[in-house]
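Undergrad: Handing you a structure now.
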Amino acid sequence: MNSNIKIDELNWKILKHLQQNSRESFANIGRSIGLTAPAVGERVKKMEDAGILLGYKTTVSHSLTGHQLKAIISLRAFMGKLKPFLALAPSFKEIVNCYRITGNENIVMEVVLKDQFHLEKFIDKLIQYGETRTNIVLSQVIADAPIVKISDI
């Protein structure tokens, strides 16, 4: 990885386009920012190689796939139970995002579940590792907001 790549104004414009639609063509991006498609492609490749662009993904509706609940669950691990939980966490199919955090809790997870009975069974699996706190997501206020240049913040 070449972490010395400069994210200049053109790269920021490319990143903005790709964060809005990762399937947008290089030709379309190029027309918008004043570059040729090959020039956009070369810049994208350099940002991929440098680890700035980490990948491309598809966003799926949890509710339309039969997951009626989305929840944020925090875990305050019992003494000696954090490492075993971290080792097991990738095997839980309910977890879509998991973060190790500072503060009173050690872990925050975003999970999708079929219904409240599924939630109860999932919490039953977690309580052997620590104390849980569950918040049901009612709606998403911001989703996958783009990362912008620090001076634009």
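Undergrad: Taking the Cα centre of the range 9-49 as origin, work out the dipole magnitude from +1 charges on Lys and Arg Cβ and -1 charges on Asp and Glu Cβ, in debye rounded to 20. Provide the component values of the computation, followed by the final result.
TA: Details: 7 positive and 5 negative charges, 20 e Å.
I would put it at about 100 debye.
Undergrad: With +1 on each Lys and Arg Cβ and -1 on each Asp and Glu Cβ, how big is the dipole of the range 35-153 about its Cα centre, in debye rounded to the nearest 20? Mind showing how you got there, number by number?
TA: Working: 15 positive and 12 negative charges, 46 e Å.
So the dipole magnitude of the range 35-153 works out to roughly 220 debye.
Undergrad: Still on this structure, please answer the following. Can you check how the C-alpha radius of gyration of the range 9-49 compares to 2.2 N^0.38 Å, as a plain ratio?
TA: Working: Rg = 8.8 Å, N = 41, 2.2 N^0.38 = 9.0 Å.
It is 0.97.
Undergrad: What is the percent of Cα-Cα separations in the chain that go past 20 Å?
TA: On the way: 7140 of 11628 pairs.
Everything past 20 Å amounts to 61 percent.
Undergrad: Find the centroid of the Cα atoms in the range 79-153 and in the range 1-36, then give the distance between the two in whole Å.
TA: Cα centroid of the range 79-153 versus Cα centroid of the range 1-36: 32 Å apart.
Undergrad: Counting alpha carbon pairs within less than 8 Å and at least 6 residues apart, what relative contact order, in whole percent, applies to the chain?
TA: Numbers: 169 pairs, mean separation 37.1, N = 153.
Value for the chain: 24 percent.
Undergrad: Tell me which of Gln116, Gln19, Gly41 sits at the most positive position along the dipole axis of the chain, charges placed on C-beta atoms (Lys, Arg +1; Asp, Glu -1).
TA: Gly41
Any read-out appearing in this document is the output of simple, stated calculations on the displayed coordinates, not a laboratory observation. The model shown is predicted, which means the values in this text are computed figures rather than measured ones. Neighbour counts are summed over all protein chains in view; Cβ atoms, including those assigned to glycine, are modelled from backbone coordinates with ideal geometry.
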